[in-house]
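Contents: one structure, followed by commentary.
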Amino acid sequence: MRFSVVIPVYNVASYLTGCVSSVLNSTETDYEIILVDDGSTDGRSGPLCDTLAARCPNRIRVIHQKNLGLGGARNTGLEAAQGEYLFFLDGDDTISPEALSILSQAVEKFHHPDVIAFFLELWPEGGSVPTGLQRHRLPPDQVCTLAQCPAMLLDTPSACARLWRRELFLKSGIRYPERLWYEDLYTTENLLLEANSIVGLHVPLYRYLLRTGSIMRGNDPSRNREILLALDQVFAWYRSRQCFTRFQEELCGMTLQHISYACYRVLLQDPHHPLIPQFLEYLTSHFPTYRTSKYYHVLTRSQRVILFFLRHRQYRLPALLLEWKEKKNSK
């Protein structure tokens, strides 16, 4: 079997049928769908998984489990998968009809690479057209390694932005953390280091729903501390492979992106939160010369503004600016 499409499910009954249908409408036929009901509490998502599987028993399998978080659900699907490749699809997102066919052709063309990256379309909830495109930095249609294209460490760590050879997980022993935010950061950067062949397709295959109330729009700013745990794990992995110094510039750029993003989320909710100065302390302790990083220029203007005020320990003004920007964008 070529593909195992792993779909974690947690209280997404309103979106799940559309998600699964987008896979069933695929022009590719060599795949299975694994629905992992991660302890849904809405009384609808779990039964809906069973209903969908009953309609396509030869195509869809369902696993019900206690809640382990998005990472734990992905691990469950990974262990149950039979396909050569893993495609992680969140239960409120969809894929294009030709996505799996394009990926299958790429698998053959590039001799079964470990990772295939692609673009993501950003769809606002209720929208009829995408409003953005999330790209990667890989050259088009070439096989490379992290050493040959280290800037890929600054791409989104989303597991959904890549097709993964299942053997890469099995050989490396890498798994997703359970019940933690930023679970993709824990794994993606480490998997990229272990991969022997990585390909980038310059085509959007995944449709990411910008949904109000999703896990990354939660209301507990303290949970953003988990970005520091994720970064610690990545640094430890690279040091264990004697690769931290080799990729230090890219790891610094990656840290700048994620620290500024986490700080952005906290500032919007509480500009006096004690976690905010901890972000600066973490950044300067690991990368004291971060301001001269060659990747500083890739930060957005908002990210640079956040880091500027963070450095000068002035938090209220950027919070007001960010709040104004959020209100403006929501109109």
Filter the range 265-304 down to residues that are outside any helix (DSSP H, G or I) and touching a Pro at 6+ places or on another chain (Cβ under 7 Å) and give me whichever is surrounded by the fewest Cβ atoms within 10 Å (Cβ to Cβ). 270
For the range 127-134, check the following and say yes or no: at least one residue is on the phi < 0 side of the Ramachandran plot and surrounded by 20 or more Cβ atoms within 10 Å (Cβ to Cβ). no
Options 34, 60: the member that is over 22 Å from the mean Cα position of the chain (by Cα), touching a residue at least 40 places away in the same chain (Cβ under 8 Å) and buried (at least 20 other Cβ atoms within 10 Å of the Cβ): 60
I'm told residue 148 meets every condition in (1) in a loop (DSSP other than H, G, I, E, B); (2) in contact with a helix residue (DSSP H, G or I) (Cβ under 9 Å, 6 or more places away or on another chain); (3) modelled with pLDDT of 95 or more; (4) of a type outside the set (Lys, Arg) except one. Can you identify the failing condition by its number? (2)
Scan the range 70-84 and give yes if some residue there is polar (S, T, N, Q) and either without any contact (Cβ under 8 Å) to a residue 24 or more places away in the chain or surrounded by 15 or more Cβ atoms within 10 Å (Cβ to Cβ) (or both), otherwise no. yes
Can you confirm whether residue 123 is of a type in the set (Phe, Trp, Tyr), out of contact with any helix residue (DSSP H, G or I) (no Cβ under 9 Å at 6 or more places or on another chain) and not in a loop (DSSP other than H, G, I, E, B)? yes
Consider residue 121 carefully, then state whether it is surrounded by 16 or more Cβ atoms within 10 Å (Cβ to Cβ) and among the acidic types (Asp, Glu). yes
Per-region count, the range 126-145, residues part of a strand (DSSP E or B) and either hydrophobic (A, V, I, L, M, F, W, C) or without any contact (Cβ under 8 Å) to a residue 24 or more places away in the chain (or both): 4
How many of the residues in the range 136-165 are surrounded by fewer than 16 Cβ atoms within 10 Å (Cβ to Cβ) and farther than 20 Å from residue 242 by Cα? 5
Kindly indicate whether any position in the range 171-188 is under 23 Å from residue 299 (Cβ atoms), of a type in the set (Val, Ile, Thr) and outside the structural domain of residue 115 (by TED's automatic domain parsing). no
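The values are calculated or read from the model by the stated rules, or taken from the named source; none is laboratory data. As the structure is a computational prediction, the values presented were derived from the model and not from experiment. No Cβ is skipped: glycine too gets one built from the backbone with ideal geometry, and neighbour counts run over all protein chains shown.
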